[in-house]
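The structure under discussion appears below in the form of structure tokens.
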Amino acid sequence: MNKDTFSFVIYMIHACANHWKRNPSEIYRKMESTDCIMGFLVPNYEILHTQSTKYIIEDIREYFNVRGMAI
């Protein structure tokens, strides 16, 4: 993972935490347990980083839902 991708992942963890009124560490654990970081955010960085934060948060919510993870 390069520096830009790493910064994007950290940004999205905090954006989701703020949007869902959760602790960033809780969001990180959920992302790790569902392989959201290495299985979704990192491989799709080139496409995702051009989208709005709100759009990506909804994509992450859907990713969690498909994997049975509640927010």
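Key figures for this structure:
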| read-out | value |
| --- | --- |
| Solvent-accessible area, 1.4 Å probe, carbon plus sulfur percent, for the chain | 51 |
| Label zone at His14 (point 7 Å along Cα-to-Cβ), backbone N below 19 Å, region 36-54 | 37, 41-42, 49-54 |
| Magnitude of the charge dipole, the chain, Cβ model with Lys/Arg +1 and Asp/Glu -1, debye to 20 | 280 |
| C-alpha long axis of helix 24-33 to longest principal axis of the chain, angle in ° | 90 |
| Region 30-71: C-alpha gyration tensor shape, a/c 1.5 cut-off, then a/b vs b/c | oblate |
| Trypsin sites (Lys or Arg not before Pro) lying in DSSP loop within region 1-41, provided at most 12 other Cβ fall within 10 Å | Lys21 |
| Surface per residue (accessible, 1.4 Å probe) for the chain, Å² | 62 |
| Acute angle (nearest 10 degrees) that the helix 53-66 long axis makes with the longest principal axis of the chain, alpha-carbon atoms | 50 |
| Shape of the chain, Cα gyration tensor, a/c cut at 1.5 | rounded |
| Taking the chain and dividing mean pair separation by its residue count, relative contact order in percent (alpha carbons under 8 Å, at least six apart) | 34 |
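The values are calculated or read from the model by the stated rules, or taken from the named source; none is laboratory data. Predicted model, so just to flag it, every value in this text is computed and none were measured. Every residue, glycine as well, gets a Cβ built from its backbone with ideal geometry; the counts of neighbours run over all protein chains shown. Surface accessibility is based on the protein's heavy atoms, side chains included, excluding ligands, DNA and RNA. Shrake-Rupley method; radii C 1.70, N 1.55, O 1.52, S 1.80 Å.
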